[in-house]
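Reviewing the structure listed below.
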Amino acid sequence: MSKNFFSTQYWGRLSITTKFTLAVVVLLALVALMALTSFLALTSVRRQTEAVLLTNPQSSQPALEMADIEDARRQINQTGQSATTVLLVTIAVTVILAFFIVLLLNKSITRNINRLTNAATQLQEEKKRSDNLLNVVIPIGVALSAEQNFDRLLEKILLEAKSFCHADAGTLYLRTENDNLNFVIVRNDSLNIAMGGTSGNSIDFPPVPLFNTTGKPNHSNVAAHVALTGDSINIPDAYRAEGFNFSGTKDFDQTTGYRSTSFLTIPLKNARNYVVGVLQLINALDQNTGQIVAFSQSLEQIAASLSSLATVALEAYIREQNLRQEIQQLRIEIDEVKRQRQVTEIVETDFFQDLQAKARNIRRRGRSSRLEESE
Amino acid sequence: MSKTILIHSFRHGVGRSTIAANLAFLLASEGQRVAIIDTSTKAPATHLLFGLKEDDMAYSFNDYLLGQCDIQQAAHNVTGHLKESLKGQIFLVPANTKSEKTARQLNDAQDALLLNTGCQTLIDSLGLDALLIDTQPGVSETALVAITVADTLVMILGLSKQDYQGTGVTMDVVRQLDVPRVVLIVNEAPTAFDFDEIETKMEQTYNCEVVAVLPHLDEVMALANKDIFALRYPNHSLTTQLRKAAINLTS
Ligand SMILES: Nc1ncnc2c1ncn2[C@@H]1O[C@H](COP(=O)(O)OP(=O)(O)O)[C@@H](O)[C@H]1O
Ligand SMILES: [Mg+2]
């Protein structure tokens, strides 16, 4: 990538801090240059004049032109004063210059100052997020990868996400080969419902089809929609959400007296961007009041990271299962008829018959010679 | 009593030479006197593993078959070539590396007697504790002739469909040559497998003892037949496995 220093794009990408530093550096360089030249000029004038006046007053031309020592002093002072003036003017000019440089580099300073304060808060958010990632999400991912029992692994995925997001309920769906979402783990704390996984209770909810019988994608169910698009959906209130059919949820609410409100639905996407399952969290609870609230955006991001680690663990488990199955299949791969035929073809040859006789001979001899040895 | 151990397989490249060389090294490091005969003229590798240069091989196993030398003349003491001093000794009877076409191979039944005499001579003259034979793979005549002299036949196989079938055929043929002891070593097993399960399945399938299930290791591959794994990695778990196998095979 070539850096074009003259393009506004290049400058625009620099942060305000960089721009300001640049301007200050230019300014300081100019001031330093000016100060240095004036200092050099001043010293040389003073040296020359004083040398002429004090050490060799008669013979030197400049000395003769001056009336007396006072006159010379005044002249020196004047030179000094004008040098100071030049210096001050230079500083003023450079300050203005620097100001214009900053203006030039940055079309709108105020906007950037705002951005600076925004960046600070954003930075804090980022830090919180990365702290969460490091201290919460990654340890969960490690724990998931270590899980050897598939039911417990599935359960852990849901429970960890649920507790992290302070959700009252949640469902984990796995995608089947015929493109259905099967309910595999269902939890609802306030209704005291635990189904699937290690709970021992089976789940009788019918699977959610990703495509209807005519092959049309099922975008009305939020879990199916998320599986189809691979994007997560955050809904503050299911009863006021547009575009999705929450009839299943409403039926459930009607029979149980529950009120499903906020939904966070996240795809479990593998490295090839294929959705292997869907994680759905329901009713985020405010940590202080216990009230049902919407899932915050930062939670959504962390839950997404968690879901990708969960997918890695799921895929690793499935891969290992497949490998284990392979060995059983390979063992069965011996074609016994062919084996019999191949063996017969070899042992029926004259060569083999001859060799067999020789082998017997060798072994008999070997045995007898060993017998002699041991005697 | 000395043992003649034949390292065999159905297929090329399953690790016969690698395993033979490592077993020889481990036995010699326990103080045994060991020899290896490389009868695999198609792709001889054993001399490489022991750092024996082609120019230093005055006579090969094929020269013995041709009657051009005694078997002892073809046996090269390679103990000094190793980077480590050993309690025992290793002798190598290399395969001809020059021209495969002119090289005489084991090929008719009569050669079984010639090989047997060679082995006995070598065992007696060098005072060997164990004699290892690296074979030509498969059920070719060259391979079958060598089998007649084996006290123990070690069949090496990998986890591939081809190996399953071919090993089945080879085992059936071998059993008709009255080999006193036939065992299996599974080599290059992917570490994702359950090794105990492999062992049981193999034992059931071939009705035969499994001496070891060795993993596929990049370290072995990286050595590319230029050095002996057990010498380079004395404390590796694979070395421990090979040592156990060596003890099992000579007991
Ligand atoms: N357990 C192993 N893991 C990885 N590579 C192996 C293993 N065993 C053997 N190899 C490699 O496979 C190749 C073939 O082995 P080799 O001993 O020459 O086979 P063969 O003598 O049966 O033809 C060699 O490059 C060797 O380093
Ligand atoms: Mg070989």
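The values are calculated or read from the model by the stated rules, or taken from the named source; none is laboratory data. All values derive from a computational prediction rather than experimental measurement. Every residue, glycine among them, receives a Cβ derived from its backbone with ideal geometry; neighbour counts consider all protein chains shown.
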Here are A:ALA119, A:ALA92, A:ALA32, A:ALA41: which of them is at pLDDT 75 or above, within 30 Å of A:SER298 (Cβ to Cβ) and of a type in the set (A, V, I, L, M, F, W, C)?
A:ALA119
Failed item in (1) surrounded by fewer than 21 Cβ atoms within 10 Å (Cβ to Cβ); (2) at the interface with chain A (Cβ under 10 Å from one of its Cβ atoms); (3) over 17 Å from B:SER40 (Cβ atoms), with B:THR121 passing the rest
(2)
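Looking at B:VAL139, is it within 10 Å of chain A (Cβ to nearest Cβ), modelled with pLDDT of 90 or more and within 28 Å of B:CYS208 (Cα to Cα)?
Against the criterion (within 10 Å of chain A (Cβ to nearest Cβ), modelled with pLDDT of 90 or more and within 28 Å of B:CYS208 (Cα to Cα)), B:VAL139 qualifies.
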Just a yes or no: is a residue in the range A:243-259 touching a strand residue (DSSP E or B) at 6+ places or on another chain (Cβ under 8 Å), within 19 Å of A:PRO207 (Cα to Cα) and part of a loop (DSSP other than H, G, I, E, B)?
yes
I'd like the full set of residues that are over 24 Å from the mean Cα position of the chain (by Cα), surrounded by fewer than 19 Cβ atoms within 10 Å (Cβ to Cβ) and either under 19 Å from A:ALA316 (Cβ atoms) or not assigned by TED's automatic domain parsing to the domain that holds A:PHE205 (or both), limited to the range A:148-176.
A:GLN148, A:ASN149, A:PHE150, A:ASP151, A:ARG152, A:LEU174
A careful count of residues in the range B:200-220 that are out of contact with any strand residue (DSSP E or B) (no Cβ under 9 Å at 6 or more places or on another chain), part of a helix (DSSP H, G or I) and without any contact (Cβ under 8 Å) to a residue 40 or more places away in the chain gives 4
Taking the range B:224-239 as the region of interest, how many residues are within 11 Å of ligand 1 (Cβ to nearest atom) and without any contact (Cβ under 8 Å) to a residue 12 or more places away in the chain?
1
Among all residue pairs at least 6 apart or on different chains, which show Cβ distances below 7 Å where the first residue, located in the range B:6-18, is closer than 13 Å to B:GLU188 by Cα and the second is among the hydroxyl-bearing types (Ser, Thr, Tyr) and not in a loop (DSSP other than H, G, I, E, B)?
B:ARG16/B:SER9
Of all residues making up the range B:227-240, the number that are out of contact with any helix residue (DSSP H, G or I) (no Cβ under 9 Å at 6 or more places or on another chain) and surrounded by 17 or more Cβ atoms within 10 Å (Cβ to Cβ)
0
Only one residue in B:ILE156, B:ILE147 is at the interface with chain A (Cβ under 8 Å from one of its Cβ atoms) and touching a residue at least 24 places away in the same chain (Cβ under 8 Å), so which one is that?
B:ILE147
Can you find a residue that is more than 13 Å from every other protein chain (Cβ to nearest Cβ) and either within 30 Å of A:VAL347 (Cβ to Cβ) or touching a residue at least 24 places away in the same chain (Cβ under 8 Å) (or both) anywhere in the range B:191-199?
no
In the range B:173-188, which residues are surrounded by 19 or more Cβ atoms within 10 Å (Cβ to Cβ), within 11 Å of chain A (Cβ to nearest Cβ) and not β-branched (Val, Ile, Thr)?
B:LEU177
Just checking, which of B:VAL149, B:VAL179, B:VAL174 is of a type in the set (A, V, I, L, M, F, W, C) and assigned to a helix (DSSP H, G or I)?
B:VAL174
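Scanning for something touching a strand residue (DSSP E or B) at 6+ places or on another chain (Cβ under 6 Å), of a type in the set (A, V, I, L, M) and either under 13 Å from B:LEU66 (Cα atoms) or not in a strand (DSSP E or B) (or both), does the range B:100-111 turn up at least one residue?
No, the range B:100-111 contains no residue that is touching a strand residue (DSSP E or B) at 6+ places or on another chain (Cβ under 6 Å), of a type in the set (A, V, I, L, M) and either under 13 Å from B:LEU66 (Cα atoms) or not in a strand (DSSP E or B) (or both).
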Which of the residues that make up the range B:213-226 are surrounded by fewer than 19 Cβ atoms within 10 Å (Cβ to Cβ) and either within 16 Å of ligand 2 (Cβ to nearest atom) or under 17 Å from the mean Cα position of the chain (by Cα) (or both)?
B:MET221, B:LEU223, B:ALA224, B:ASN225, B:LYS226
Scan (1) more than 16 Å from ligand 1 (Cβ to nearest atom); (2) away from chain A (no Cβ under 14 Å); (3) at pLDDT below 95; (4) surrounded by fewer than 22 Cβ atoms within 10 Å (Cβ to Cβ) for the single condition B:LEU65 breaks and write down its number.
(4)
